[in-house]
Amino acid sequence: MSATTQIPLVNYLVLGDTPHLQANECTSCGARYFDRRNACAGCFGTEFRTVDIATEGEVRSFTIVTFAAPGVPVPFVAAIVDCNGTSVRANLINVEPSPEHVKLGMKVKLATYSLGTDDNGVEAIGFGFEPA
Amino acid sequence: MADDIYILGIKMTKFGKHPDKDTVDLASEAAMAALADGGVTMKDMGILAAGCLMGQGSIGQQIQKQIGQTGIPVFNVSNACATGATALRTAIMAIKAGECDMGLAVGVEKLAGAGLLGGGGKPKSDKKEWTPGGRYGAVASTDGRIGTDAMPGTFAQVGMEYGHKYGGATFELFAKIAEKNHAHSTLNPLAAYTKRMTLEEIMNDVMIAYPNTRSMCSANCDGAAAAVVVSGSKLKTMSLEQQRRAIKVSASILTSDPWQEACQVLPDVNTLTKIAAKKAYEQAGVGPEDLDLVELHDCFATAELVHYDNLGLCEEGGAVDFFNSGATWRDGKTPVNVSGGLESKGHPIAATGIANIWEVCHHLRGEAGDRQIEGAKVGLAHVIGLGSACGIHILEKSALG
Ligand SMILES: [Zn+2]
């Protein structure tokens, strides 16, 4: 399947041979943001550059969600991953969702998975972090 | 030098299920009770500030239509779980600005049976055609795919992050915090739940978002609370009894979350609380060691732990040891949430930020009955609204008392 028939779950996920996340980095103070910006919330600067986020990181916090809004499959592990100084919000995937298997400080790496294909044959690709 | 501010009258309704009353009924009940408690009427009020987070935005005028339309300015406020504290802060600011000498603040919510708050969002069916939308160009709902949007998991991560930083924050420790609050609630007739729960019952309860089980989550319920505030100079013209029962507002602080790395990934409930606490202690001229009781925002057991640290009740990083010392039980050094807290008293969102002040005032007036903290002179009430807003009020017993 060629890359042109794929679409990322969110626009800051870059697909291709080495899938990774991208952020808008403030050129004045270095603050990083995953959404589009009017200005930097830290220093009010208005110049940004696109930067790639490290694909490996460490779990700084997590929860195992067993009760969620209708339509959200459970259980899943929600986490905050420290990717070389940039905090990323993601699910932990390819790991048993139990406190015995998910640990604070565990090393993880970015991984992608398919969300399915639409009527036009386009496949949506999501991301998470799996044990490194 | 601005005039001092006092709570003249304050009341909360019973928290719980009120199927026969709507938000206007509950808010009006609390407002009239607060006016009566202060020995004043709507005629004396120069401002009304009111909030109902899940409401339509004109709760203040709806209350007036039940209890008295006098033409005074109404501020309908909305600030997540800090809505009640924001209403109070608004009334206080009006008095401090010299626009009036008395004001009424009301918070109300009907949440009984509301279930999970936050999360889900607009249902986006995963089919037909992937179409990017929203600020992140998402082609499907991100709740459950990119972390969690719901409150239990969000605050679970707040507590777990503290544990990662300082250690010792186990599932059992968080459950013990809930055990304390449920034990405290047995003495509070206005609490939604007053059942003592064993540690085992709490840990074996339905898991919502590890490490928060159901009994470690704030209880959705109905309720309202209201407060009448007055300037110090006006209070001096009132009866000795009114002056004796008036509670001094030594500090009234509202903050929002300053930018921090990660704050747009996981809401930062720490920095704004630390800043608010520092300002409040400075404004009041008291320190955490002077507090006889604290009502803090235990929307989840995992949240209570971090606020021991944020409010300076313990040394930095020392919240686990502080709790384990027994300090926050009602017979401890710094009793925390002797009302039962949001986990058992309940959390009718916009009412919470005034109800916690009522609890503190109740003790400072020596009117708390079975759960009275003996000789209480100074107390602190804290709320956090996610997004974020933090309200802190420090209250002191009247010198006449
Ligand atoms: Zn910047």
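Where only protein heavy atoms count, and the probe is 1.4 Å, what is the accessible area per residue for segment A:5-131 in Å²?
Using a 1.4 Å probe on heavy atoms only, each residue of segment A:5-131 averages 45 Å².
Pop the C-beta distance of A:K107 and B:T198 into the FRET formula with R0 = 51 Å and round what comes out to the nearest 0.05.
So, using R0 = 51 Å, E works out to roughly 0.85.
List, by residue number, every residue in segment B:143-163 with a reduction of 40 Å² or greater in accessible area between the chain on its own and the complete protein assembly, 1.4 Å probe.
Checking the loss per residue gives B:G144, B:R145, B:I146, B:G147, B:T148, B:Q157, B:M160, B:E161.
For chain B, what value does the Rg/Rh ratio take when both radii are computed over Cα atoms and Rh is the Kirkwood radius, given to two decimals? Mind dumping the intermediate values first?
Values: Rg = 20.5 Å, Rh = 21.2 Å.
Dividing the radius of gyration by the Kirkwood radius yields 0.97.
Running a GNM on chain B with Cα contacts under 10 Å, which residue among B:A87, B:A30, B:A169 ends up with the highest mean-square fluctuation?
B:A169
Please name the residues of segment A:71-93 whose accessible area, counted over protein heavy atoms with a 1.4 angstrom probe, falls by no less than 40 Å² between the chain alone and the full protein assembly.
Residues meeting the cut-off: A:V72, A:I80, A:S87, A:R89, A:N91.
Tally up the carbon and sulfur contribution to the accessible surface of segment B:299-394 as a whole percent, 1.4 Å probe, everything protein left in place.
Reported share for carbon and sulfur atoms: 44 percent.
Considering the alpha-carbon set of segment A:5-131 alone, what are its Rg and its Dmax in angstrom?
That works out to 16.0, 45 Å for Rg and Dmax.
Show A:Y33, B:Y6 ordered by accessible area, largest first, where the area counts protein heavy atoms only and the probe is 1.4 Å. Present the calculation step by step, with values, prior to reporting the outcome.
Working: A:Y33 5, B:Y6 45 Å².
Highest to lowest solvent-accessible surface, that is B:Y6, A:Y33.
Out of residues 5 or more away from B:S388 or on other chains, whose amide H comes under 5 Å of its own, with H placed 1.01 Å from N in the peptide plane?
B:D257
Given a 1.4 angstrom probe, what's the average accessible area per residue across chain B, in square angstrom?
Value for chain B: 37 Å² per residue.
Connecting C-alpha atoms closer than 10 Å in a GNM of chain A, tell me which of A:F34, A:F44, A:F76 has the biggest fluctuation.
For chain A, modelled as a Gaussian network with Cα springs under 10 Å, the answer is A:F44.
What angle, in degrees between 0 and 90 and rounded to the nearest 10, separates the Cα long axis of helix B:83-96 from the longest principal axis of the Cα atoms of chain B?
30
Report the FRET efficiency, 1/(1 + (r/R0)^6), for A:E47 and B:E241, where r is their Cβ-Cβ distance and R0 is 60 Å, rounded to 0.05. Each step should come with its number before you reach the end.
On the way: r = 63 Å, r/R0 = 1.05.
With R0 = 60 Å, the Cβ-Cβ based efficiency is 0.40.
Using a 1.4 Å probe and counting only protein heavy atoms, how much accessible surface gets buried when A and B come together, both sides summed, in Å² to the nearest 100?
4000
Can you give me the C-alpha center-to-center distance between segment A:62-89 and segment B:289-344, rounded to a whole angstrom?
Taking the Cα centre of each part, segment A:62-89 and segment B:289-344 sit 27 Å apart.
Taking the Cα atoms only, what angle lies between the long axis of helix B:171-185 and the longest principal axis of chain B, rounded to 10 degrees?
Once rounded, the angle reads 30 degrees.
If Lys and Arg each add +1 and Asp and Glu each add -1, what is the summed charge of the other residues whose beta carbon sits under 15 Å from the beta carbon of B:Q66?
Values: positive: B:K21, B:K65; negative: B:D22, B:D25, B:E29.
Net local charge, B:Q66 excluded: -1.
Please give the solvent-accessible surface of A:T5 in Å², to the nearest 10, using a probe radius of 1.4 Å with every protein chain present.
40
Any idea of B:M45's accessible area? Nearest 10 Å², probe 1.4 Å.
10
Mind ranking B:M160, B:M54 by accessible surface for me, highest first, 1.4 Å probe?
Solvent-accessible surface, decreasing: B:M54, B:M160.
Of the heavy-atom accessible surface of segment B:155-293 (probe 1.4 angstrom), what whole percent is carbon and sulfur?
Roughly 52 percent of what the probe reaches on segment B:155-293 is carbon or sulfur.
Residues with amide H under 5 Å of B:S398's amide H, sequence separation 5 or more or different chain, H placed in the peptide plane at 1.01 Å from N; which?
Distant-sequence amide H within range of B:S398: B:K248.
When the solvent-accessible surface of protein heavy atoms is calculated with a 1.4 angstrom probe, in what order do B:K377, B:K345, A:K109 fall, highest first?
The most accessible residue leads, giving B:K377, A:K109, B:K345.
Taking H placed 1.01 Å from N in the peptide plane, check which residues at least 5 places from A:V122 or on another chain put their amide H under 5 Å from its amide H.
Here the answer is none, since no amide H 5 or more places off falls under 5 Å of that of A:V122.
For B:Y136, what accessible area in Å² do you get when you roll a 1.4 Å probe over the heavy atoms of the protein chains, rounding to the nearest 10?
80
With r as the distance between the Cβ atoms of A:T18 and B:D331 and R0 = 60 Å, compute the FRET efficiency 1/(1 + (r/R0)^6) and round to 0.05. Kindly include the intermediate steps, with their values, before the conclusion.
Numbers: r = 59 Å, r/R0 = 0.99.
According to the calculation, E is roughly 0.50.
As a test of the formula, what do you get for chain B when each DSSP H run with n ≥ 4 contributes -39,500 (n - 2.57) and the sum is divided by the residue count, at 222 nm and rounded to the nearest 500 deg cm²/dmol?
That comes out to -10000 deg cm²/dmol.
Kindly provide the pair-distance distribution of segment B:13-172 built from C-alpha pairs, with 10 Å bins from 0 and whole-percent values in order of increasing distance.
Result returned by the calculation: 9, 27, 23, 21, 15, 4, 0.
Using a 10 angstrom cutoff on alpha carbons, build the Gaussian network for chain B and name the most mobile of B:D44, B:D20, B:D222.
Answer for the Gaussian network model of chain B: B:D20.
Using the alpha-carbon atoms, what tilt in degrees (0 to 90, nearest 10) does helix B:151-166 show relative to the longest principal axis of chain B?
80
Taking the Cα centre of chain B as origin, sum charge times position over the Cβ atoms of Lys and Arg (+1) and Asp and Glu (-1), and report the length of that vector in debye to the nearest 20.
820
Carbon-plus-sulfur fraction of the accessible area of chain A, 1.4 Å probe, in percent?
Here it works out to 48 percent.
The values are calculated or read from the model by the stated rules, or taken from the named source; none is laboratory data. Computed from a predicted model, the values in this text were never measured in an experiment. All Cβ positions, glycine included, derive from the backbone under ideal geometry; neighbour counts span all protein chains shown. Keep in mind that these areas ignore ligands, DNA and RNA; they rest on the heavy atoms of the full protein, side chains included. Shrake-Rupley method; radii C 1.70, N 1.55, O 1.52, S 1.80 Å.
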